[in-house]
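**Student:** Right, I'll just put the structure down here and ask away after.
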Amino acid sequence: MNLSMFKDLKALSGSPYCCICYALEGPDGTLLIDSGDGSIYFGFQPTVTILTHNHCDHTQGVEKKWKNVFIHKHDFEKTNFSYIPDKVTELPFDKLKWGNWELEIIHSPGHTKGSICLYDRNRKVLFSGDTLFNNGKSRTDLGGCDDLLSCSLNKIKKLEIEHLFPGHNY
Ligand SMILES: [Zn+2]
């Protein structure tokens, strides 16, 4: 994973179970993709936080004072692996411009019902959450659905991707 070509992008991680979080800088502050499991010290307050899905290793790091924390509408269901922070609300947009980032939200159910990826068409970057890892695999063993996932992967395969930034380094 090579983030160095994007000066406005940082990756953060914590415990061995923690997901990788991505901090995207823009004139209005930081857009954070995923919050980790609570083991990361952020030292800043994100302006907007988008959670790629409701699993605790991605959502438990949301801090009480954070505002504008969003998740896809299909990921409010509680499961064995979910943790849905109190203040999280339904993702209200399907596109977001953040500084030089132009992100499209792609609903990619399978890993969970409300999993999303975020895609920047110009930069050919996909933030894939747990929908797709760098080894080309995904996982549905945490309450997911194989059929939904294969539809989502077919959708993602049509995108031009040069940089895949997933939720874990598998
Ligand atoms: Zn997950």
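**Student:** Filtering the stretch 114-170 down to residues that are polar (S, T, N, Q) and touching a Gly at 6+ places or on another chain (Cβ under 8 Å), which residue is surrounded by the fewest Cβ atoms within 10 Å (Cβ to Cβ)?
**Tutor:** Looking at residues that are polar (S, T, N, Q) and touching a Gly at 6+ places or on another chain (Cβ under 8 Å), I get S150.
**Student:** With the checklist (1) outside any strand (DSSP E or B); (2) in contact (Cβ under 8 Å) with a residue 60 or more places away in the chain; (3) within 14 Å of the ligand (Cβ to nearest atom); (4) closer than 30 Å to Q45 by Cβ in hand, flag the one item R123 doesn't pass.
**Tutor:** Condition not satisfied by R123: (3).
**Student:** When the stretch 85-111 is examined, which residues are found to be buried (at least 18 other Cβ atoms within 10 Å of the Cβ) and over 22 Å from V125 (Cβ atoms)?
**Tutor:** P85, V88
**Student:** So which of L31, L24 ends up being within 18 Å of T89 (Cβ to Cβ) and surrounded by 17 or more Cβ atoms within 10 Å (Cβ to Cβ)?
**Tutor:** When all the criteria are applied, what remains is L31.
We did not get these values from a lab; they are worked out from the coordinates using the rules stated. Fair warning: this is a prediction, and the values are worked out from it, not measured in the lab. Quick reminder, even Gly has a Cβ in these numbers, built from the backbone with ideal geometry, and neighbours come from all protein chains shown.
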